[in-house]
Each structure stands twice: as C-alpha cells, then as structure tokens.
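The values are calculated or read from the model by the stated rules, or taken from the named source; none is laboratory data. The structure presented is a predicted model; accordingly, all values stated were derived computationally and were not measured. Glycine gets a Cβ as well: all are built from the backbone with ideal geometry, and neighbour counts include every protein chain shown. Accessible surface is based on the protein model in full, side chains and every heavy atom, while ligands, DNA and RNA are left aside. Shrake-Rupley method; radii C 1.70, N 1.55, O 1.52, S 1.80 Å.
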Amino acid sequence: QVQLVESGGGLVQAGGSLRLSCAASGRGLSSYAMGWFRQAPGKEREFAGGISWSGGSTDYADSQKGRFTISRDNAKNTVYLQMNSLKPEDTAVYYCAARIGYINYDPNKYDTWGQGTQVTVSS
C-alpha cells in the first residue's frame with residue numbers, strides 16, 4: 001500500500017506561483033496514475049489535473065489549462081503540481097491521489113489520498 005504526503009502549500013499573492021509536491025512511501029508510484037484535486041470551503045472536491053503512470057500523458061481541468069503543470073519523478077516517488085498565475089479562486093486544500101489504471105476525473109475512482117495542503121491566494 002502506498003502512503004502519500006503533500007507539501008508546498010502556503011499563502012501567495014494573486015499572479016504568483018507555488019509548486020506542490022506529493023511524496024509517496026510504502027510502495028513505488030510507478031504503477032499508479034496520479035491525480036491532483038482541490039476542495040474549497042463549502043464546495044465539492046474537484047479534479048485539477050492528472051498524470052499517467054509513465055508521465056507521458058497529462059490532463060487538466062479547463063480552468064487550470066495553461067496555468068498548472070503536473071510532472072512526476074518515479075525514481076524519487078514524487079509527483080509535482082506547478083501552479084502559475086494563481087487567482088483567489090484557486091484557494092483550496094489541494095490533495096494528491098493515486099489509482100491503478102488511467103487518469104480519472106472522478107475522485108471516487110482513486111484509492112489512496114494524501115492529507116492535503118492548504119493553498120491561499122490573496123487578491
């Protein structure tokens with residue numbers, strides 16, 4: 001079983017950047033597709049982006065395309081979410097999640113979750 005721990009969240013001004021990391025332990029990530037999700041207060045958890053097990057394929061929610069980039073280093077068992085041109089509406093807790101198979105937009109399709117990291121974007 002793999003365990004996930006996110007880091008890199010914080011407070012940033014609008015227009016700024018953050019890079020989140022998702023480190024795995026217990027088992028290597030190379031077999032897993034990884035997703036990044038976010039949840040704002042009072043809202044449902046939503047898909048931000050995902051990356052295939054090999055890193056050869058990525059997918060993003062429309063509102064993140066062109067601003068967010070997901071990458072992974074399977075040798076380091078780490079997945080990254082680079083967030084640029086941040087907006088106040090990006091404020092949320094960000095979670096990484098793992099699943100066997102392909103990237104999926106549905107959070108219920110993911111088996112393993114990290115504890116989340118808070119991202120706050122001030123205007």
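When restricted to residues that are crowded, with 20+ Cβ neighbours inside 10 Å, over 12 Å from Val119 (Cβ atoms) and among the small types (Gly, Ala, Ser), the stretch 30-49 contains 3.
Residue pairs whose Cβ atoms lie under 8 Å apart, sitting 6 or more positions apart in sequence or on different chains, and linking a residue in the stretch 40-63 that is farther than 12 Å from Ile103 by Cβ to a partner that is open to solvent by less than 70 Å² (accessible area, probe 1.4 Å) and in a loop (DSSP other than H, G, I, E, B), are Ala40/Thr91; Glu46/Ala61.
Counting residues in the stretch 82-100 that are under 19 Å from Ala14 (Cβ atoms), in contact with a Phe, Trp or Tyr (Cβ under 7 Å, 6 or more places away or on another chain), open to solvent by less than 40 Å² (accessible area, probe 1.4 Å) and part of a strand (DSSP E or B) gives one or more. The listed residues are Thr91, Thr78, Thr58, and the only one of them that is β-branched (Val, Ile, Thr), more than 16 Å from Ser7 (Cα to Cα) and in contact with a strand residue (DSSP E or B) (Cβ under 6 Å, 6 or more places away or on another chain) turns out to be Thr58. Can you pull out every residue in the stretch 1-29 that is in contact with a Ser or Thr (Cβ under 8 Å, 6 or more places away or on another chain), within 15 Å of Asn84 (Cα to Cα) and surrounded by 15 or more Cβ atoms within 10 Å (Cβ to Cβ)? Selection gives Gly8, Gly9, Val12, Leu20, Ser21. The residues listed here are Ser54, Ser7; of these, the one that is polar (S, T, N, Q) and closer than 21 Å to Gln118 by Cα is Ser7.
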